[in-house]
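Asker: Would you mind keeping the following structure in view while I ask a few things?
The values are calculated or read from the model by the stated rules, or taken from the named source; none is laboratory data. Note that the structure is a prediction, hence the values are computed from the model and not measured. For neighbour counting, all protein chains shown are included, and Cβ atoms are generated from backbone atoms with ideal geometry for every residue, glycine included. Please note that ligands, DNA and RNA were not included when accessible areas were found on the heavy atoms of the full protein model with its side chains. Shrake-Rupley method; radii C 1.70, N 1.55, O 1.52, S 1.80 Å.
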Amino acid sequence: AAPAVPRARDPRSSKASSAACADNVKPSAPCVVHNALTLQFLEASWVRIEDSRNKTLLIGLVRAGEKQDLQGEPPYTAFIGNARKVKAEFNGKPFDFSQHILPNDTARFTVP
């Protein structure tokens, strides 16, 4: 069996996004984190996300039910396995990458 690939987490991921929202000067205003890429995993998926500076924001196997909030310098390059079971948002809006899904259920695409 192949060795497990360690998963790297960006220190500015979901906790940083939440902190940015907590620092919002107008508490009643909706919080929008710019350049935010959010991935929701309905089933386990292998993923690699890099930003335009070639910084790896996320790599490895992500479990079903997890949500990853990533932030870096767009455009982001993405490679996702089990792609039909992953939903993406960019800056809080759905990002449709379905046209990039191959017959083997992997997808390579750029956001935005």
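Asker: Would you mention how many residues in region 32-57 are without any contact (Cβ under 8 Å) to a residue 24 or more places away in the chain and either outside any loop (DSSP other than H, G, I, E, B) or closer than 22 Å to residue 84 by Cβ (or both)?
Answerer: Total satisfying the criteria: 0.
Asker: Which condition breaks for residue 108 when tested against (1) in contact with a strand residue (DSSP E or B) (Cβ under 6 Å, 6 or more places away or on another chain); (2) open to solvent by less than 80 Å² (accessible area, probe 1.4 Å)?
Answerer: Status for residue 108: all satisfied but (2).
Asker: Mind listing whichever residues of region 49-61 are in contact with a strand residue (DSSP E or B) (Cβ under 8 Å, 6 or more places away or on another chain) and either open to solvent by 80 Å² or more (accessible area, probe 1.4 Å) or modelled with pLDDT under 95 (or both)?
Answerer: 61 - this is the single residue of region 49-61 that is in contact with a strand residue (DSSP E or B) (Cβ under 8 Å, 6 or more places away or on another chain) and either open to solvent by 80 Å² or more (accessible area, probe 1.4 Å) or modelled with pLDDT under 95 (or both).
Asker: Output the number of residues of region 35-47 satisfying the condition of being under 10 Å from the mean Cα position of the chain (by Cα) and more than 13 Å from residue 111 (Cβ to Cβ).
Answerer: Qualifying residue count, region 35-47: 2.
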